[in-house]
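Asker: Pasting a structure here, questions to come.
The values are calculated or read from the model by the stated rules, or taken from the named source; none is laboratory data. Here the structure is a predicted model, which is why all the values come from computation and not from measurement. For neighbour counting, all protein chains shown are included, and Cβ atoms are generated from backbone atoms with ideal geometry for every residue, glycine included.
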Amino acid sequence: MNGGPRCFVMRVAPGDAKHAQGAAGGVSFTARNPGLWGNDITISIRPSSKAKTQVLKVENGTYRVKSSVGFYPGDVVAYPDGEGTAYTRVVKSRDNVLSFEHEIPASIVDTNMVPLQVITTCEALIEVKYKDITETYENVSLNINEANYIGKRMAKSDLVAVSWDGKEAAVPIAEIMGRFVTFEGGSNGSVSSISAADFIGTDNGAGNRTGIQSFIDNDVVSIMAVPGVTDPNVQLTLVAHCENLASRFAVLDMPREAKKVSDIIAHRDIFDSTYAALYHPWLMVFDPLDKKNIMIPPSGAIMGIYGRTDNTRGVHKAPANEVVRACVGLDCQFNKGEQDILNPKGVNLIRVFPGQGIRVWGARTASSNPSWKYINVRRLFIFIEESIKANTSWAVFEPNDETLWVRVQRTISVFLTGLWRGGSLAGATPEEAFYVSVGRETMSQDDIDNGRLICVIGVAPVKPAEFVIFRITQKTNEAAE
């Protein structure tokens, strides 16, 4: 609503939330994440086959077949036993000769041109559905040695995880084929059981990260927040996350109950980072579900304003003096005197201005370093660094010589000149706005020998006009004469 282009949401589940589950025979399916949502998952399992053949001859416990292509050791096969369908497993397969875990009746032999009896491999067509989402897995194998084995294939599912009884591949074929599996037992748990540790999350490697740590895998994110969570442990973790990656910026909420200037400063003093900014107070918005006004933390709206400012003006423009859309009021209103105290401290207030709406009235980071006190300066440098990395990725593995240095310098200079022309950099000329140095003056022979290309770049960012000062002189009657 406030203009952000795209948002990634990471759900944090309470510790007492439950996973929905379903089962077919010895195979158990579990929703990937806990919650009531999992109760809407269904799975259909239909039989399919990758290969079939006719048995031409039975001899000494082996079965000569027309073709053994597609039959591999460990494959489950189906065959007619006179009363219906029976199952066994391939033990050996070579040169059109098969042997099985259990003997097949000799009556299976069929030498007709158009056979009436065949043996077939047993695979499955599995469809996992959740509302409008459908995952389809074709030719899922029941052979634990196959790449398409059910346990391996379903490991790629975003909706469910699969497990089976026993250490062997003894999946009960007759019990799962043709089954329609429904899920139950999922619950959302209680909000009161969510702890700071749940938001902080754990880093158990790629694909197994939770909470804030899960965003390590996301290279697209540039702004982050944990809306409404003002626990210092969580906020400090978020700030550290942004500092460590050096490619994103944290938007922090103040505790809603902090109304006194001293209380606000006490919370602000927990932080000292150029990669974070604090906002206050909370916002009043209309909730279309409950049909009433509610209070929400400001971070979500602020992130939208960051995105809106980036798109309409550029990342060099401070995300301040911007209207907070859909905001109909504030939890409390701060006056100019409080603004004059809190703004230099790095607390960005949201204020009501008659005739101008509700606006963000601050652009400070949570840093004590005066060189990095403005949000747009830090975010401009993040943008420049990330853009240069992307625009010079072609240089990796190129010969580290004068030719490369000239190309890199030209590439970066063209990019920075474009920023200067667009008003992102200060200076009357490109020479005043930036410099790019790469070569023997930035690299030692040891750097070159070890494959390091070092480029030194300096830029002059545009800083916001926080105070517009007018000097007004009134002439007296005597002076007028």
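Asker: Being modelled with pLDDT under 90, assigned by TED's automatic domain parsing to the domain that holds E103 and among the aliphatic types (A, V, I, L, M) is true for just one of V65, V90, V69, V76. Which residue is that?
Answerer: V76
Asker: Evaluate the following for S192: is it loosely packed, with under 12 Cβ neighbours inside 10 Å, farther than 19 Å from S68 by Cβ and among the polar types (S, T, N, Q)?
Answerer: Here the answer is yes, as S192 does meet what is asked.
Asker: Identify all residues within segment 75-109 that are closer than 18 Å to P47 by Cβ and either buried (at least 16 other Cβ atoms within 10 Å of the Cβ) or touching a Pro at 6+ places or on another chain (Cβ under 8 Å) (or both); write none if there are none.
Answerer: Scanning segment 75-109 gives D75, V76, V77, A78, Y79, P80, D81, A86, Y87, T88, R89, V90.
Asker: Same structure, new question: Taking I264 as the residue in question, decide whether it is assigned by TED's automatic domain parsing to the domain that holds F353 and either under 15 Å from A250 (Cβ atoms) or over 29 Å from the mean Cα position of the chain (by Cα) (or both).
Answerer: Criteria met by I264.
Asker: Name the single residue, out of those in segment 425-454 being under 33 Å from the mean Cα position of the chain (by Cα) and free of Cβ contacts under 8 Å to residues at least 60 places away in the same chain, that is farthest from W361 (Cα to Cα).
Answerer: G451
Asker: Looking at segment 119-155, which of its residues are closer than 21 Å to E101 by Cβ, among the aliphatic types (A, V, I, L, M) and part of a loop (DSSP other than H, G, I, E, B)?
Answerer: Hits for segment 119-155 are L142, I144.
Asker: I need the full set of residues from segment 251-265 which are surrounded by 23 or more Cβ atoms within 10 Å (Cβ to Cβ) and farther than 11 Å from V347 by Cβ, in order please.
Answerer: Residues satisfying the conditions are V251, D253.
Asker: Taking the residues in segment 234-287 that are among the β-branched types (V, I, T) and assigned to a loop (DSSP other than H, G, I, E, B) as candidates, determine which candidate is farthest from S195 (Cα to Cα).
Answerer: T274
Asker: Scan segment 209-233 for residues that are in a loop (DSSP other than H, G, I, E, B), in contact with a strand residue (DSSP E or B) (Cβ under 8 Å, 6 or more places away or on another chain) and modelled with pLDDT under 95 and report the count.
Answerer: 0
Asker: When you scan segment 113-154, how many residues do you find that are over 29 Å from D40 (Cα atoms), loosely packed, with under 13 Cβ neighbours inside 10 Å and touching a residue at least 12 places away in the same chain (Cβ under 8 Å)?
Answerer: Residues meeting the conditions: 1.
Asker: Hey, another quick one. Of these, D253, D198, which one is closer than 21 Å to G4 by Cα, over 14 Å from the mean Cα position of the chain (by Cα) and either assigned by TED's automatic domain parsing to the domain that holds F29 or of a type in the set (D, E, K, R) (or both)?
Answerer: D253
Asker: Does R89 satisfy the criteria of being over 14 Å from T121 (Cα atoms) and under 48 Å from the mean Cα position of the chain (by Cα)?
Answerer: The answer is no for R89.
Asker: OK, next. Among G178, G185, which is under 23 Å from A20 (Cα atoms) and either modelled with pLDDT of 95 or more or surrounded by 15 or more Cβ atoms within 10 Å (Cβ to Cβ) (or both)?
Answerer: Of G178, G185, the one residue that is under 23 Å from A20 (Cα atoms) and either modelled with pLDDT of 95 or more or surrounded by 15 or more Cβ atoms within 10 Å (Cβ to Cβ) (or both) is G185.
Asker: Can I ask one more? Between a first residue in segment 329-341 that is at negative phi and a second residue that is acidic (D, E) and part of a loop (DSSP other than H, G, I, E, B), which pairs have beta carbons less than 6 Å apart while being 6 or more apart in sequence or on different chains?
Answerer: Between residues of segment 329-341 that are at negative phi and residues that are acidic (D, E) and part of a loop (DSSP other than H, G, I, E, B), there is no close pair.
Asker: A further question on this structure: Quick one: which residue in A258, A276, A240 is under 19 Å from V315 (Cα atoms) and either in contact with a helix residue (DSSP H, G or I) (Cβ under 7 Å, 6 or more places away or on another chain) or free of Cβ contacts under 8 Å to residues at least 60 places away in the same chain (or both)?
Answerer: Residue meeting the stated conditions: A276.
Asker: Sort through P14, P34, P5 and tell me the only one that's in contact with a Ser or Thr (Cβ under 8 Å, 6 or more places away or on another chain) and not assigned by TED's automatic domain parsing to the domain that holds V140.
Answerer: P14
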